[in-house]
Amino acid sequence: MPFTRTRLILATALSGAFLASGVTAIAVQPSGASGTAPSAPSAFQHPGVLVDRDGLDFARRQVQAGAQPWKTAFDTMNASRYASLSWKPRPRETVECGPRSTPNHGCSDERDDALAAYTHALLWTVTGEQRHARKAIEILDAWSGTIKRHTNSNAPLQTGWAGASFSRAAEIVRHTGAGWSSARVSRFEKVLRDVYLPTVIKGAPNQNGNWELIMTDAAIGIAVFLDDRASFDRAVRTWRGRLPAYIYLRSDGELPKSPPGSTKDTREELIKYWHGQSTFRDGLAQETCRDFGHTGWGLAAAAHTAETARLQGVDLYREGRTRLIKAMEFHADLDLGTQPPPWLCGGEVKKGLGPTQEVVLNHYVNRLGAAMPHTKRLATSRRPAGADYFLAWETLTHVEKP
């Protein structure tokens, strides 16, 4: 049954108290956790942006027990620069980001501050140390009191990168009894609503697909934080249209699907959009022949969006199962060293998927029992996953997550 506001407030207060005292918190099982609910419940589940209370409690117990790989993942996070209690936020009123963040006027500062806020939010939930909660709040407050706009050509993607991490951090801090004042919460709500959401919710149908998927990842997270049903539903619609236009299946026909709203709809335009690839096989992605770094971002953002939707009772994983599994396996196999066939990208690919496998691997393999041998081998060989751009500590948060 839907998680009522009264139950939410009670569970949040109790969990915050238990976290601070080191006692196991009450685990909240989100509605639709089995992945069978056809639509979201009337009330949002909190915390519920990429991670939920049950998952946070699970990670904390594993770390406290010294279990692997969670303990090493936590130690790596705790030793990172993002975990420093001396971290000083660097907010700007205008963040200007050109192509490849050139010029870089606050771009890396904003991304790093968002990752630091999320890192300290996770540290708070694992350790129960209030100083980490205060640091996360300090960073969130600094930006909500300063940022007004993002400008230049990379502004939409920058807004997605930062908005994804900021919404995750804010969701945890707000709903785990961290001591964030209602006035500052309201101010952060306003900046997400006015500065971030209008950009990311629009999508980017003519850009490379990682843009729109990352923006959708941010949009769905912000929508949950704001309890904004209309924006949540729009983000879900965008995902449903973009995923089939990002990952090819033979059932799509001779050519990949065109992104909804895109002007790229002829054979010539689609082949150019797919970076010159004219032969299509199951699991191929729109950016495969560009490089695996951007492809990995797109796949990770698609998984993030599906995970947040799952926590809110919408099973995007079921809808995207074949595409996501085939794409992850296709690229992981090549990233592990398999020679690309001559028909693929002229026989050469630019490898480097990055720490992008844990969320999708956990759902399909751990929860559902699917076989993803290449993805599993790649993920386990590179653990623990670190933090960069909008990816952070997913070995800690998602390995064997219930």
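Number of residues in segment 213-251 that are open to solvent by 10 Å² or more (accessible area, probe 1.4 Å) and part of a helix (DSSP H, G or I) equals 12. Please count how many residues of segment 49-90 are among the β-branched types (Val, Ile, Thr) and open to solvent by less than 50 Å² (accessible area, probe 1.4 Å). Total satisfying the criteria: 3. On the basis of being of a type outside the set (A, V, I, L, M, F, W, C), part of a helix (DSSP H, G or I) and either touching a strand residue (DSSP E or B) at 6+ places or on another chain (Cβ under 7 Å) or open to solvent by 10 Å² or more (accessible area, probe 1.4 Å) (or both), does Thr199 make the cut? Here the answer is yes, as Thr199 does meet what is asked. For first residues located in segment 68-83 and at negative phi, partners that are of a type outside the set (A, V, I, L, M, F, W, C) and open to solvent by less than 30 Å² (accessible area, probe 1.4 Å) and lie 6+ apart or on another chain with Cβ distances below 6 Å form the pairs Pro69/Thr395; Ala73/Thr395; Tyr82/Thr119; Ala83/Thr119.
When Asn210, Asn206 are checked against the criterion of being within 22 Å of Arg234 (Cα to Cα) and either open to solvent by 10 Å² or more (accessible area, probe 1.4 Å) or out of contact with any helix residue (DSSP H, G or I) (no Cβ under 9 Å at 6 or more places or on another chain) (or both), Asn206 stands alone in meeting it. Of everything in segment 158-183 that is touching a residue at least 12 places away in the same chain (Cβ under 8 Å) and more than 17 Å from Asp113 (Cα to Cα), the residue that is surrounded by the fewest Cβ atoms within 10 Å (Cβ to Cβ) is Gly179. Looking only at residues of segment 91-142 that are in contact with a strand residue (DSSP E or B) (Cβ under 9 Å, 6 or more places away or on another chain) and open to solvent by 40 Å² or more (accessible area, probe 1.4 Å), we find that the one that is farthest from Ala218 (Cα to Cα) is Pro103.
Of all residues in segment 263-279, those satisfying the criterion of being open to solvent by 20 Å² or more (accessible area, probe 1.4 Å) and assigned to a loop (DSSP other than H, G, I, E, B) are Thr263, Lys264, Asp265, Thr266, His275, Gly276, Ser278, Thr279.
The values are calculated or read from the model by the stated rules, or taken from the named source; none is laboratory data. In this text the structure is predicted, and so the values were computed from the model without any measurement. Virtual Cβ from ideal backbone geometry, glycine too; neighbours counted across all protein chains shown. All accessible areas refer to the heavy atoms of the entire protein, side chains included, with ligands and DNA or RNA removed. Shrake-Rupley method; radii C 1.70, N 1.55, O 1.52, S 1.80 Å.
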